[in-house]
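Below is one structure, written out as structure tokens; the observations come after it.
The values are calculated or read from the model by the stated rules, or taken from the named source; none is laboratory data. The structure displayed is predicted, hence computed values, not measured ones. No Cβ is skipped: glycine too gets one built from the backbone with ideal geometry, and neighbour counts run over all protein chains shown.
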Amino acid sequence: MKEFKKLKEKYISQFDSKNYEEALKTILKIKKLKSDDTEVYFNLANLYEKGFNDYKRALVYRRKAFKLNNTNIENINRMGILYHKLGKIKDAKIMWKCGFEKGDYVCGLNVGETLFWERQYKESLQVFEKTAKLKKKNLYAIYMIGRIIGEPLGDVDKGINIYKKALKRKVTSNNKQEVMRLYIGLAILYEKKGKINDAIKTYKSSLKVNHDDCYVYHNLGAIHIRYLYDLKSAKEYYKKAIKLNENFIKGLYDYADLIYKNFLNKSYDEAIKTYESLIKKGENKDFIYMRLFAMYEKYYKDDEKGKHYYDEVMKKRVGNDPYKLGRFASEILNSGNDVLAEKIYKNVLEINFNLSQAHNDLGVINFRRKNYDVAEEYYRRAINLNPKIIEPYLALAGVLRNTKRWEEAIKVYKDVINMNEKSREAIINLAYTYDIDLNMKKDAERWYKVALQIENKCSNLYNNYAFFCEKSNNIKKAEKYYLKAFEINSKDEAIFNNLISTYEKLKKYSSALNLCEYILKDNPKNEKIKYKLALLRQIQKSAIH
């Protein structure tokens, strides 16, 4: 007995100090003293799993322990985890269900999560609801309930209410991480509903719980670029995210992409630095090298660095493959170097004339130059070569609208809708063509309604439809849709000016005043809004007297 106790203490010391080889020798000595013992099997399993990452051997000992004692919840859960790591999902679920049936909420969480990733959403929801009853304060179960109801099952309002109720609980050091999940889940549902301002407020509220969460800053950056077109703020949020976690790979990509794709303040040195840091971290995607060459070639004229990346792309990654060469040309095009992109695309067509994307992108280059006839020719050629790709149809319709051939543009948009009845871009632009270009109210109204059924996050759509309603003297309806546009993008000057003007027409002076004050909080230097605020105060004062 003394020897067993001594060996056990020795094993614990060796394991804790990560001296796994010696720990294994010690536990095998213990096994000789106790040849068929659950505790010995637990320790062997733990050692092989955490010390040697040998999941198969760990599972062998977990199963031996299970045969001796099939009620040990921790062992049941670990068996499920090992099966899952080995890709045996069915066996993992069996073990977790076994633990769940014995009343363990952790096994319940694992069952629910597995069902969720298998897209068995209703079954997953049932498990999480039972799990939440097992441990009422388990916020992860509540988070998943809100997520399932609000996202895949589509009841966004119910999901929002679940999160809002859960967030009334007191934040503690123990539940901080789960509270952050709830905030993020709530923000995502607000975004799904098209309430972008509420999503932003929710993310900012979460930072009061944990101001060092890189994912929150990253999501704020994504929202500012996706809906507000606010490149400056997006850049700062992404920058904050990667400063908090310099190994946040997606954050690094998105930060560099934002600068590269939007010509942001000509700060290509930051994009170059970030892409090169990704290479140092082991990222090896072709487009990184393509973009680095594009930036050195266009903006820095660094022959040595440019040649290095050009050789890397052409000799090791592209060669004479027309598809890869086309991708290279596309990256050059995105950097704004149309001349070089055009040259490479023409080389692509010499190798393979039938690549529709090359014709499409040559159309883009000529459209930028306002060579509409040439652009149209390339777009039509791209369509003929691959009639199933929608991109050149939409581009062609853009040429037709620019050359005032609206009936032809309408036909092209309808061709796209016949191919894909939920084509957001075709439907929205069809509504704009009938409204803005042709002033055909009945057709415009019809297509606006279709557009509004499939799109709830486009501030421009809501703003244009509100203006359409205003032109039709339906001011109350215009107010409703200007408000929707403002909920998505409160920084767009056209939107908030339209909303203020609508409030004035409806004699809602208090609402107009409140809106002006809200805008000035965000931008105190907006002189037009300062003037409007002073004017509204005079009008309101006159109305009272």
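Look through segment 246-289, keep the residues that are part of a helix (DSSP H, G or I) and acidic (Asp, Glu), and return whichever of them is modelled with the lowest pLDDT.
269
Taking the condition part of a loop (DSSP other than H, G, I, E, B), farther than 20 Å from residue 395 by Cα and either touching a Phe, Trp or Tyr at 6+ places or on another chain (Cβ under 6 Å) or without any contact (Cβ under 8 Å) to a residue 40 or more places away in the chain (or both), does residue 320 pass?
It is true that residue 320 is part of a loop (DSSP other than H, G, I, E, B), farther than 20 Å from residue 395 by Cα and either touching a Phe, Trp or Tyr at 6+ places or on another chain (Cβ under 6 Å) or without any contact (Cβ under 8 Å) to a residue 40 or more places away in the chain (or both).
Let me spell it out: the conditions are (1) touching a Phe, Trp or Tyr at 6+ places or on another chain (Cβ under 8 Å); (2) farther than 23 Å from residue 58 by Cα, and residue 92 meets all of them except one. Which number is the exception?
Residue 92 satisfies all of (1) touching a Phe, Trp or Tyr at 6+ places or on another chain (Cβ under 8 Å); (2) farther than 23 Å from residue 58 by Cα except (2).
Can you find a residue in segment 94-103 that is under 29 Å from the mean Cα position of the chain (by Cα), at pLDDT 95 or above and surrounded by 15 or more Cβ atoms within 10 Å (Cβ to Cβ)?
no
For residue 229, indicate whether it is part of a loop (DSSP other than H, G, I, E, B), closer than 28 Å to residue 455 by Cβ and among the aromatic types (Phe, Trp, Tyr).
The answer is yes for residue 229.
Take the residues in segment 342-371 that are among the basic types (Lys, Arg) and part of a helix (DSSP H, G or I); name whichever of them is farthest from residue 329 (Cα to Cα).
Here the answer is 368.
I need the full set of residues from segment 302-320 which are among the small types (Gly, Ala, Ser) and surrounded by fewer than 16 Cβ atoms within 10 Å (Cβ to Cβ), in order please.
Of everything in segment 302-320, just one residue is among the small types (Gly, Ala, Ser) and surrounded by fewer than 16 Cβ atoms within 10 Å (Cβ to Cβ), namely 319.
Just need a number here: residues in segment 426-436 that are under 21 Å from residue 403 (Cβ atoms) and either among the hydrophobic types (A, V, I, L, M, F, W, C) or surrounded by fewer than 16 Cβ atoms within 10 Å (Cβ to Cβ) (or both).
Residues flagged as under 21 Å from residue 403 (Cβ atoms) and either among the hydrophobic types (A, V, I, L, M, F, W, C) or surrounded by fewer than 16 Cβ atoms within 10 Å (Cβ to Cβ) (or both) within segment 426-436 amount to 5.
Does segment 228-269 hold any residues that are in contact (Cβ under 8 Å) with a residue 60 or more places away in the chain, within 20 Å of residue 292 (Cβ to Cβ), surrounded by fewer than 22 Cβ atoms within 10 Å (Cβ to Cβ) and not charged (D, E, K, R), and which are they?
Residue satisfying the conditions is 263 alone.
Among 3, 21, 9, 39, which is the only one that is within 24 Å of residue 101 (Cα to Cα), out of contact with any strand residue (DSSP E or B) (no Cβ under 9 Å at 6 or more places or on another chain) and exposed (fewer than 14 other Cβ atoms within 10 Å of the Cβ)?
39
I'd like to verify a number: residues in segment 509-545 that are within 38 Å of the chain's Cα centre (by Cα) and not hydrophobic (A, V, I, L, M, F, W, C), how many?
Of the residues in that region, 15 qualify.
Being aliphatic (A, V, I, L, M) and closer than 15 Å to residue 31 by Cβ is the filter; apply it to segment 59-85 and report the residue that is surrounded by the fewest Cβ atoms within 10 Å (Cβ to Cβ).
68
With respect to the numbered conditions (1) more than 29 Å from residue 95 (Cα to Cα); (2) touching a residue at least 12 places away in the same chain (Cβ under 8 Å); (3) among the β-branched types (Val, Ile, Thr), which one is the sole condition not fulfilled by residue 111?
Going through (1) more than 29 Å from residue 95 (Cα to Cα); (2) touching a residue at least 12 places away in the same chain (Cβ under 8 Å); (3) among the β-branched types (Val, Ile, Thr) one by one, residue 111 breaks only (1).
Just give me the residues in segment 288-324 being closer than 19 Å to residue 336 by Cβ and of a type in the set (D, E, K, R), in sequence order.
Passing the criteria: 291, 297, 298, 301, 302, 305.
Considering only segment 172-223, state which residues are more than 14 Å from the chain's Cα centre (by Cα) and of a type in the set (S, T, N, Q).
172, 173, 174, 175, 177, 197, 202, 205, 206, 210
For the list (1) hydrophobic (A, V, I, L, M, F, W, C); (2) touching a residue at least 24 places away in the same chain (Cβ under 8 Å); (3) closer than 14 Å to residue 190 by Cα, I need the number of the one condition that residue 162 fails.
(2)
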